[in-house]
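Student: Starting off with a structure, shown below.
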Amino acid sequence: MMMTLLHKTSNSLIDTSHTPNWPQRLATLGEEASDERLKSFYATASVLPDTPLKDVPFVALDFETTGLDPHSDEIISIGLVPFSLSRIHCRGSAHWVVNPNRPLNEESVIIHGITDSDVEKAPELLKVIEQVLAALAGKIVVVHYRNIEREFMNQALLTRLGEGIQFPVVDTLAIEAGVQQKMFGGFFNRLKGKKPGSVRLGRARERYNLPAYQPHHALTDALATAELLQAQIAYHYSPETPISEIWL
């Protein structure tokens, strides 16, 4: 049971004080971009800060990678799922395996199940990046731990195009960490033996009675992240909450 989740918590679950004015930032980046694919991405109408969550077009994004360092590791699969607060748009979902042009280490193969033979037959990232950017353009990207998708995407394009990428994200891990800290953090909770729980994707989903999915498949994890955000907003926010309260 998840009795502790049955009340609305405060909207101040995450710190957005360093979040830029994204429409302005994206317009500036569009003017500075040289690559036509990036120009097109930035030129797509962006979501305004005061847009209610119920009206925001979201897209959940997940990567599987050769490791955790965006400067030395590579993306090997991409999954994305467009959705809104009320609906998952399964027909718009997409999944790509991409060739990192390097052998895969045994540890990463064990985690995600993608093998050397899988990536050898796959296209390189630049072959699919236009499709990926088109699927993300004009939407708010939703991830579980923003440092992976945001930094790997930026570094991958910086390496290949000579210019990186920036975009607003909603981080379900950051939201869940805020929820756990608000409910179980602090001195008195420590005295009682209580502490914030795990914010891993599967554990976070358990709190909202969401079904267990097999982890470490980019498309499945993107779907799991989309469903988690829907549940988090239902419990901790209002559909009228402006996107500026949760984007980073």
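Student: Please name which of Gly185, Leu136, Ile148 has its Cα lying farthest along the dipole of segment 108-190 towards the positive end, using unit charges on Cβ (Lys, Arg +1; Asp, Glu -1) and the Cα centre as origin.
Tutor: Of the listed residues, the answer is Gly185.
Student: Order the peptides 125-136, 81-92 from the highest to the lowest mean number of other Cβ atoms within 10 Å of their residues.
Tutor: Values: 125-136: 17.1, 81-92: 15.2.
Per-residue mean Cβ counts within 10 Å order the peptides as 125-136, 81-92.
Student: May I pose another question? If you roll a 1.4 Å probe over the chain with all protein chains in place, what percent of the accessible area is carbon or sulfur? Display every interim value, and only then the final one.
Tutor: Values: 6450 of 12330 Å².
Carbon and sulfur atoms account for 52 percent of the accessible area of the chain.
Student: Moving to a separate point now. Taking a ≥ b ≥ c as the square roots of the Cα gyration tensor eigenvalues, with a/c under 1.5 meaning rounded and otherwise prolate when a/b beats b/c, else oblate, which class fits the chain?
Tutor: Values: a/c = 1.87, a/b = 1.30, b/c = 1.43.
The shape class here is oblate.
Student: On to the next question. Straight-line reach from Lys194: which lysines have a Cα under 21 Å away, not including same-chain ones fewer than 8 places off?
Tutor: Straight-distance partners of Lys194: Lys8, Lys182.
Student: Per residue, how much accessible area does segment 99-248 have with a 1.4 Å probe, in Å²? Don't jump to the answer; show the numbers that get you there.
Tutor: Details: 7180 Å² over 150 residues.
Counting only protein heavy atoms, the per-residue value for segment 99-248 is 48 Å².
Student: Which peptide among 74-80, 147-153, 29-35 comes first, and what is the full order, when sorted by highest mean count of other Cβ atoms within 10 Å? Let's see the in-between values first.
Tutor: Numbers: 74-80: 23.7, 147-153: 20.0, 29-35: 14.1.
Descending mean neighbour count gives 74-80, 147-153, 29-35.
Student: Apply the a/c threshold of 1.5 to the C-alpha gyration tensor of segment 138-248 and tell me whether it is rounded, prolate or oblate. List each step's numbers first, then the result.
Tutor: Working: a/c = 1.78, a/b = 1.72, b/c = 1.03.
Prolate, because a/c is 1.5 or more and a/b exceeds b/c.
Student: Please get the size of the charge dipole for segment 111-199, origin at its Cα centre, with Cβ charges of +1 on Lys and Arg and -1 on Asp and Glu, quoted in debye to the nearest 20.
Tutor: Numbers: 11 positive and 10 negative charges, 164 e Å.
That gives segment 111-199 a dipole magnitude of about 780 debye.
Student: Where does the charge balance sit around Leu61 when Lys and Arg score +1, Asp and Glu -1, over other residues with C-beta under 15 Å from its C-beta? Before the final figure, lay out the partial values.
Tutor: Values: positive: Lys139, Arg146, Arg150; negative: Asp62, Glu64, Glu149, Glu151, Asp171, Asp221, Glu227.
Counting the neighbours of Leu61, the net charge comes to -4.
Student: Cβ under 14 Å from Asp35's Cβ, Asp35 left aside: what net charge do those residues give with Lys, Arg +1 and Asp, Glu -1?
Tutor: -2
Student: Can you compute the modelled spin-label distance between Glu163 and Glu120, with each label point 7 Å from Cα toward Cβ, in nm?
Tutor: Here the modelled spin labels are 3.7 nm apart.
Student: Round to a whole angstrom and tell me the spacing of the C-alpha centers of segment 149-165 and segment 68-119.
Tutor: Here the two parts' Cα centres lie 16 Å apart.
Student: Report the antiparallel proportion of the DSSP beta bridges in the chain as a percent, rounded to a multiple of 5.
Tutor: Values: 15 of 22 bridges.
Antiparallel bridges: around 70 percent, rounded to the nearest 5.
The values are calculated or read from the model by the stated rules, or taken from the named source; none is laboratory data. Model, not experiment: these values are computed from the prediction. Counting neighbours? That spans all protein chains shown, and the Cβs are built from the backbone with ideal geometry, glycine included. Areas reflect the complete protein model, heavy atoms only, side chains present, ligands, DNA and RNA absent. Shrake-Rupley method; radii C 1.70, N 1.55, O 1.52, S 1.80 Å.
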